[in-house]
Amino acid sequence: MLPSSPHVLSVYEGFSEGIVPALKELPAEEAQKTLCINSTTCHVSVSQELAQTLGEVQVNIVDAPVSGGAYLAPLIVSPGLMLDWNRCLWSQGRNT
């Protein structure tokens, strides 16, 4: 769990070591199998930016904030991509 927006951006977009650069190195069919779950306290605009960035490489992301409770937290998923909810629920906590 990361404490703030700058930390989240550095993990996802970090120069050569971030999640996004690593996904861009994968074959497209492998990257598309990836589901990113952003479970942090970052600002909603950061989650929207990540959804846009990951959408460009056909990767799904779900914003699952840790504050505000389940009913108050906004849910953001990648634009234009269908999310497989079963895979999301069953893969939490496992390296799939």
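Readers should treat all values here as calculations from the given coordinates under stated rules, not as data from a laboratory. It should be emphasised that the depicted structure is a prediction, and the values quoted were computed from it without experimental measurement. Please note: Cβ atoms are built from the backbone with ideal geometry, for glycine as well, and neighbour counts cover all protein chains shown.
Amide H contacts of Ile37: Val62, each under 5 Å away and 5 or more positions distant or on a separate chain (H built 1.01 Å from N in the peptide plane; Pro and chain starts excluded).
Among 17-24, 58-65, 1-8, what's the highest-first ranking by average C-beta atoms within 10 angstrom per residue? Before the final figure, lay out each step's value.
Numbers: 17-24: 15.1, 58-65: 19.9, 1-8: 13.6.
Result, highest mean first: 58-65, 17-24, 1-8.
Amide H contacts for Leu2 (H built 1.01 Å from N in the peptide plane; partners 5 or more residues away or on another chain; cut-off under 5 Å): Thr41. Across the stretch 41-56, computed HN-Hα scalar couplings (Karplus, 6.51 cos²θ - 1.76 cosθ + 1.60, θ = phi - 60°) run 10, 6, 5, 4, 5, 5, 4, 5, 4, 5, 4, 5, 4, 6, x, 5 Hz from first to last residue, x flagging Gly and Pro.
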